[in-house]
Amino acid sequence: MLESGLIIRALMRNKIGALLIALQIALTMTIMVNAIFMIQDRQQQMARESGINEEDTFYLTNTIFAQDYNIQVGLQTDLNAIRKTPGVVDAIQINAIPLSGGGWSSGLQTEPGEDKDGIGTAIYMVDDHAINALDLELIAGTNFSPSDIGWRLPAQSAWPAKVIITQALANSLFPDNGQSALGKTVYISNNQPMQVIGIIKNLQAPWNGWSGVERSALVPFQMESRSGRYFIRTEPGRRDELMPVIESMLANSDKGRIIRRLSTMEETREQSYRQHNATNKILMTVVSTLTLITAFGIVGLAIFSINRRTKQIGTRRALGATRWQVMRYFMVENFFISAVGITIGIIGTVSLNYWLVNKFNMTPLGFELIALGVVTLVIVGQLAVLYPARKAALISPATATRTV
């Protein structure tokens, strides 16, 4: 207790330096904890399953330029040829790719009426091979039958009578019991009814930053379009082997179109989350830099304090203070400064997190991250002051007899 009183009185004589370090610690904690919080949030987003088989799938774009091209016949010919290729599990035409950043969306309602609020959902136009080609898990209901599949013509506004939705969309439409969505009628644009015939476990939307990324719907449409995507699933381990084979087969089978943009789902995921990865690296660099600056600040203050009190330290040594007691003095002094800084930092951390949660609709910060920040900065402070404290402990008792 006596030593603590001496330390506090010494700090009061050098308030500015101690306060600056305390504020630096507070700033470091505020930024560090919230940066780690944001990194964790992005890591959780990147770890979400898309719902499809990403390891064994790829897709390409079929762009038609010939004027007399029969799109419907050409599409069926292409899909039949791809599906018969040895090593291919299945293939479909699809209007959008999960996590690609571009696609279709609409609102579904449980009641008709322009005044009713709809639940936003991604729309995937597919045929009856979609569940197999995408490797989706059908947890309730049935798949489309071949007779359900219609043609989506340019500028068409009509929708088919059936739809398959994800569990997340079912839960949003029917909050009390998502499974009850099976067999129910939902309404899409212009109050057109669609019956939910199946529920799939998961299928992410094309937009990874969307709050409704898990809400998706499959509608039984093939598109009569001059530019479309083919999505292909291969047997395990054969994707890279079959990609150039199928690309070459399609390119050589018809000179009235161009085959381009050959991509894997793994490449699409990497591109989708490239900004997340870059942001995480920047945040980690900021955290590391701030922590180092704070550590150097603690070292600088301790050395400055020791240089000012060299004769005082020598006197204590002459009066019988051990080297450990001298080291302990400066380590406790640093602990007091850190405690003040951390207390201010906790207030700043919670305040900044409150703003982030309300601004970006994020999950509130957990206590464990605040505790991690406290422990980390206490350890950093003690490690940073260790070298100056050892240097102070080596001051000779004879220093007290010298004129300073």
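Structure notes:
- Karplus-derived 3J(HN,Hα), 6.51/-1.76/1.60, for each residue of segment 30-44, Hz, glycine and proline x: 4, 6, 4, 5, 6, 5, 5, 4, 5, 4, 4, 4, 5, 4, 5
- Considering only Ala22, Ile39, Thr376, the residue lying farthest towards the positive end of the dipole of the chain is Ala22, judged by Cα position with unit charges set on Cβ.
- The loop-placed trypsin sites (Lys or Arg not before Pro) in segment 115-186, going by DSSP, that have at most 15 neighbouring Cβ atoms within 10 Å of their Cβ come out as Lys116, Lys184.
- Amide H contacts under 5 Å for Ile200, placed H, 5+ residues apart: Ile139, Ile165, Thr166, Gln167
- Taking the charge dipole of the chain about its Cα centre, with +1 at Lys and Arg Cβ atoms and -1 at Asp and Glu Cβ atoms, the residue from Leu242, Phe221, Thr268 reaching farthest to the positive side is Thr268.
- Calculated FRET efficiency, Tyr69 to Asp176, Cβ-Cβ distance, R0 = 35 Å: about 0.10 to the nearest 0.05.
- Against the criterion of solvent-accessible heavy-atom surface with a 1.4 angstrom probe, Phe330, Phe336, Phe296 sort, most first, into Phe296, Phe336, Phe330.
- Globularity index of segment 66-255 is 1.06 (Cα radius of gyration / 2.2 N^0.38 Å, N = number of residues).
- When you work out D = kT/(6 pi eta Rh) for segment 284-368 at 37 °C and 0.692 mPa s, using the Kirkwood radius from C-alpha pairs as Rh and the Stokes-Einstein form, the result is 205 µm²/s.
- Extension gain (nm, one decimal) between Arg48 and Thr85, 0.36 nm per residue minus Cα-Cα: 10.2 nm
- Segment 42-120: equivalent-ellipsoid semi-axes (sqrt of 5 x gyration tensor eigenvalues, Cα, Å): 31, 23, 13
- Derived scalar couplings between HN and Hα for segment 324-334 equal 4, 5, 5, 4, 4, 4, 6, 6, 5, 4, 5 Hz in order, rounded to whole Hz, by the Karplus curve 6.51 cos²θ - 1.76 cosθ + 1.60 (θ = phi - 60°), x for Gly and Pro.
- Taking Cα centre as origin and charging only the Cβ of basic (Lys, Arg, +1) and acidic (Asp, Glu, -1) residues, the dipole magnitude of segment 66-255 rounds to 140 debye.
- Each of the peptides 243-256, 358-371, 56-69, 220-233 was scored by the mean count of other Cβ atoms within 10 Å over its residues; in descending order, highest first, they stand as 220-233, 56-69, 243-256, 358-371.
- Helix-only CD estimate at 222 nm, as mean residue ellipticity for the chain, using -39500 (n - 2.57) per DSSP H run (n ≥ 4): -17000 deg cm²/dmol
- Dipole of segment 66-255 [Lys/Arg +1, Asp/Glu -1 at C-beta], most positive-end residue of Thr77, Trp159, Ser145: Thr77
- Nearest-20 debye value, the chain charge dipole, Cβ charges on Lys, Arg, Asp, Glu: 3320 debye
- Within the chain, DSSP assigns beta bridges of which about 70% are antiparallel (rounded to the nearest 5).
- Magnitude of the charge dipole for segment 249-404, about its Cα centre and with charges confined to Cβ atoms of Lys, Arg (+1) and Asp, Glu (-1), is about 680 debye.
- Candidates Ala158, Ala302, Ala217: whichever shows maximal mean-square fluctuation once the chain is modelled as a Gaussian network with Cα springs under 10 Å: Ala158
- In a fully extended conformation the segment linking Phe367 and Glu111 would gain 87.9 nm over its present Cα-Cα distance, using 0.36 nm per residue.
- Antiparallel content of DSSP bridges confined to segment 66-255, in %, to 5: 60 percent
- Accessible surface for the chain, divided over its residues, is 49 Å² per residue with a 1.4 Å probe.
- Debye intensity ratio I(q)/I(0), log10, the chain, q values 0.06, 0.09, 0.12, 0.14 Å⁻¹ (C-alpha model): -0.44, -0.69, -0.94, -1.15
The values are calculated or read from the model by the stated rules, or taken from the named source; none is laboratory data. Nothing here was measured: the structure is a model prediction, and the numbers come from that model. Cβ coordinates were reconstructed from backbone atoms using ideal geometry, including for glycine residues, and neighbour counts include every protein chain displayed. Just the protein is used for accessible areas: all its heavy atoms, side chains included, with ligands, DNA and RNA removed. Shrake-Rupley method; radii C 1.70, N 1.55, O 1.52, S 1.80 Å.
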